[in-house]
Every structure is written in structure tokens, then in C-alpha cells.
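Contents: one structure, followed by commentary.
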Amino acid sequence: MSRPEGHSLARFGHNMVPVRHDHVSATSPIFNYPYLRSREALAQLQKQETPDAWLGHKLRYINPLTGGSPMPTISTQLQLLPKGFAGKTHRATDGTVYSVVEGRGTAEIAGQRFDFGPRDTFVVPSWAPLRLSSPNEDAVLFSFSDRPVQQAMGILREAFLEDA
């Protein structure tokens with residue numbers, strides 16, 4: 001059945017669900033999360049709160065019916081590193097792929113420095129230390145990982161380190 005653009009967002013994207021809806025799939029009924037709405041959420045956080053010392057402003061996409069990840073095996077996030085951000089080092093057991101949406105910055109992965117800009121992609125292997133910075137401008141990063149699988153298996157670990 002063909003539905004008009006925005007149909008699933010109208011039905012499921014406002015923290016509400018139709019009363020007579022029984023969702024049987026493990027995947028989110030919303031599979032298109034408009035960038036402008038997500039970016040606006042990050043902009044509001046940037047105005048209202050101090051960035052996390054390790055992550056900046058980082059939000060995860062969710063399945064609005066469960067609060068879990070949009071897909072049962074892949075988590076997705078959008079992250080804003082504000083201009084002047086010099087993050088602390090952290091690491092996690094989920095391997096993560098990053099795609100740069102806006103801005104420029106630096107990713108220090110396991111002691112190696114990588115400068116990034118729009119449309120760049122970089123990977124942070126499992127348990128590799130990561131430190132992100134964006135000294136000259138805001139940077140927005142989209143990322144995805146196997147976090148839901150590790151959470152389900154009870155093997156996800158994270159460490160937020162205090163840099164010297």
C-alpha cells in the first residue's frame with residue numbers, strides 16, 4: 001500500500017501512536033528521521049545546557065513505540081560538537097562508524113589524529129580510545145554501531161576517562 005510522504009512521522013513521530021495500532025515488527029515504524037528536526041533538537045540543547053565533557057551534545061534516535069533503537073541490531077546517533085569543544089577520552093566495546101554532516105574537527109583514535117570535514121567517514125574500533133574536538137566551528141556527526149546487540153547480550157562496556 002502506498003502512503004503519502006510524512007505519513008509514518010504523523011502517526012508515530014510525536015510521542016503518540018494510534019489507539020488501534022498493534023506493531024508487530026522489531027523495527028521502528030519511522031524509518032526516516034528528518035535531519036532538520038534532529039539538528040534543531042541539538043541546537044536547542046546547545047543553547048540550554050553545557051555539553052557533555054566526552055560527547056558534546058549527543059542524542060540517539062529511538063523507536064517511538066519501544067524507546068529502544070530504531071533497528072534491533074543497530075543504534076544511530078546525532079552529535080553536535082560546539083565550536084571550541086575539546087572532548088575528554090572515552091571508549092566503548094561497540095564499534096562505531098561516524099559520518100561528518102557539518103563542520104570540521106579532529107578525532108584522536110587510539111593515539112592517532114585524524115582531521116575530519118563534511119562527508120568524511122571514520123571508524124572507531126571496539127574499545128579504542130576516542131577523543132573528539134572541534135576548535136574552530138561547530139561540527140555535527142552522525143554515527144551508528146552494534147550497541148543494541150551488545151546491550152542485549154550484556155557485554156557492552158564504556159569508560160569515560162579523565163585526561164591528564
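The values are calculated or read from the model by the stated rules, or taken from the named source; none is laboratory data. Predicted model only: the values in this text are computed from it and were never measured. Because the Cβ atoms are built from the backbone with ideal geometry, glycine has one as well, and the counts that use them run over all protein chains shown.
Numbers below:
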{"quantity": "Enumeration of residues in segment 61-83 that are within 24 Å of residue 162 (Cβ to Cβ), touching a Lys or Arg at 6+ places or on another chain (Cβ under 9 Å) and surrounded by fewer than 20 Cβ atoms within 10 Å (Cβ to Cβ)", "calculated": "77"}
{"quantity": "From 65, 80, 42, 55, residue being of a type in the set (A, V, I, L, M) and touching a helix residue (DSSP H, G or I) at 6+ places or on another chain (Cβ under 6 Å)", "calculated": "80"}
{"quantity": "Yes/no for residue 114 being of a type outside the set (Lys, Arg), within 16 Å of the chain's Cα centre (by Cα) and in a strand (DSSP E or B)", "calculated": "no"}
{"quantity": "Matching residues, segment 42-60, being in contact (Cβ under 8 Å) with a residue 24 or more places away in the chain and either surrounded by 15 or more Cβ atoms within 10 Å (Cβ to Cβ) or over 26 Å from residue 93 (Cβ atoms) (or both)", "calculated": "42, 43, 45, 46, 51, 54, 55, 56, 57"}
{"quantity": "Of all residues making up segment 84-105, the number that are assigned to a strand (DSSP E or B) and closer than 20 Å to residue 145 by Cβ", "calculated": "10"}
{"quantity": "Top-ranked residue in segment 123-142 [being among the hydrophobic types (A, V, I, L, M, F, W, C) and touching a Leu at 6+ places or on another chain (Cβ under 9 Å); ranked as surrounded by the fewest Cβ atoms within 10 Å (Cβ to Cβ)]", "calculated": "142"}
{"quantity": "Filter result for the condition that a residue is touching a residue at least 12 places away in the same chain (Cβ under 8 Å), part of a loop (DSSP other than H, G, I, E, B), over 22 Å from residue 61 (Cβ atoms) and among the charged types (D, E, K, R), over 108, 137", "calculated": "137"}
{"quantity": "Some residue of segment 28-39 being out of contact with any strand residue (DSSP E or B) (no Cβ under 7 Å at 6 or more places or on another chain), surrounded by fewer than 15 Cβ atoms within 10 Å (Cβ to Cβ), hydroxyl-bearing (Ser, Thr, Tyr) and not in a loop (DSSP other than H, G, I, E, B)", "calculated": "yes"}
{"quantity": "Counted residues, segment 27-64 - those being among the aliphatic types (A, V, I, L, M) and at pLDDT below 80", "calculated": "1"}
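Each row is one residue, and each column tells you yes or no for (1) of a type outside the set (Gly, Ala, Ser); (2) touching a residue at least 60 places away in the same chain (Cβ under 8 Å); (3) under 22 Å from residue 33 (Cα atoms); (4) surrounded by 17 or more Cβ atoms within 10 Å (Cβ to Cβ).
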residue	(1), (2), (3), (4)
85	yes, no, no, yes
88	yes, yes, no, no
91	yes, yes, no, yes
96	yes, no, yes, yes
112	yes, no, no, no
115	yes, no, no, no
144	yes, yes, yes, yes
156	yes, yes, no, no
161	yes, yes, no, no
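Yes/no matrix, rows are residues, columns are (1) within 15 Å of residue 58 (Cα to Cα); (2) among the hydrophobic types (A, V, I, L, M, F, W, C); (3) part of a strand (DSSP E or B):
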site	(1), (2), (3)
141	yes, yes, yes
150	no, no, no
156	no, yes, no
162	no, no, no
